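Read through the structure below, which is laid out as structure tokens, and then see the notes.
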Amino acid sequence: CSSDLAVGFSSLFAGDGHTCGLTSDHSAWCWGQNWDGRLGDGTTSSKSTPVAVAGGQTFTKLALGAHSCGLTSDALAWCWGGNWSGQLGDGTTINKSAPVAVAGGRTFTNLTGAGSHTCGIASGGAAWCWGGNTSGQLGDGTTINKYSPVQIGTSSWTSVSIEGNFSAALRTDG
């Protein structure tokens, strides 16, 4: 970022056509392509410099794909941007240009997003995924898109990683 901006970042996250950063006070700022609201500033206009994500939430981690998600300081997941496959997890397929809470009110320890789906590890170790599932990437045994989080198996998980049309997770037993 240019030195004339008053925004300093403690961490950066890259997505599909956009970038977001967290400041030391845990506010989220994004820039880049925004045709579907993935910058979270309440608009669909692309930005070449960082803009604050609307809503006033404070985030500890961000996860970006063709959409954006974040874990708040109280471990709740919020998402914004493209939602054609339900990747925002709010029970709809409507794009959102500002953060919306992921359905279910679960707390998460980790969150990851890519392409058209999102997965997270909930407090307690359960894995949950939502969004595009045409290749079975949500791991629920179907190829049906899920607009709200679905639990994956009954195992306890330590991490999940996703990319494009696949997902991988590590169980606590290795």
Practice task
Looking for whichever is of a type outside the set (Phe, Trp, Tyr), in contact with a Lys or Arg (Cβ under 8 Å, 6 or more places away or on another chain), within 18 Å of Ser116 (Cβ to Cβ) and in a loop (DSSP other than H, G, I, E, B) here; the options are Gly91, Gly70, Gly40, Gly86. Which one fits?
Solution key: Gly86
Handout entry: Filter result for Ala77 (aliphatic (A, V, I, L, M), under 16 Å from Leu111 (Cα atoms) and open to solvent by 60 Å² or more (accessible area, probe 1.4 Å))
Key = no
Handout entry: Meets criteria (under 12 Å from the mean Cα position of the chain (by Cα), within 30 Å of Asp41 (Cα to Cα) and not charged (D, E, K, R)) for Trp80
Key = yes
Exercise for the section: For segment 97-114, indicate whether the set of residues that are free of Cβ contacts under 8 Å to residues at least 24 places away in the same chain and part of a loop (DSSP other than H, G, I, E, B) is non-empty. Expected result: no
Fill in the blank from the handout: Here the residues within segment 43-62 that are under 14 Å from the mean Cα position of the chain (by Cα) and assigned to a strand (DSSP E or B) are Phe59, Thr60, Lys61, Leu62
Completion exercise
In the set Gly120, Gly104, Gly115, Gly131, the lone residue that is surrounded by fewer than 22 Cβ atoms within 10 Å (Cβ to Cβ), under 28 Å from Gly32 (Cα atoms) and within 16 Å of the chain's Cα centre (by Cα) is Gly115
Handout entry: Long-range neighbours under 6 Å by Cβ, at least six apart or interchain, first residue aromatic (Phe, Trp, Tyr) within segment 149-170, second surrounded by 19 or more Cβ atoms within 10 Å (Cβ to Cβ)
Key = Trp157/Ile121; Trp157/Ala127; Trp157/Ala169; Phe166/Gln137
Completion exercise
Note on segment 72-91: residues free of Cβ contacts under 8 Å to residues at least 40 places away in the same chain and under 14 Å from Gly15 (Cα atoms) are Cys79
Exercise for the section: Report yes if Gln87 is surrounded by fewer than 24 Cβ atoms within 10 Å (Cβ to Cβ), in contact with a His (Cβ under 7 Å, 6 or more places away or on another chain) and more than 17 Å from Gly21 (Cα to Cα), otherwise no. Expected result: no
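The values are calculated or read from the model by the stated rules, or taken from the named source; none is laboratory data. Fair warning: this is a prediction, and the values are worked out from it, not measured in the lab. FYI the Cβ positions are ideal-geometry reconstructions off the backbone, even for glycines, and counts take in every protein chain you see. For the accessible areas, the whole protein counts, side chains as well, though only heavy atoms, and no ligand, DNA or RNA atoms are used. Shrake-Rupley method; radii C 1.70, N 1.55, O 1.52, S 1.80 Å.
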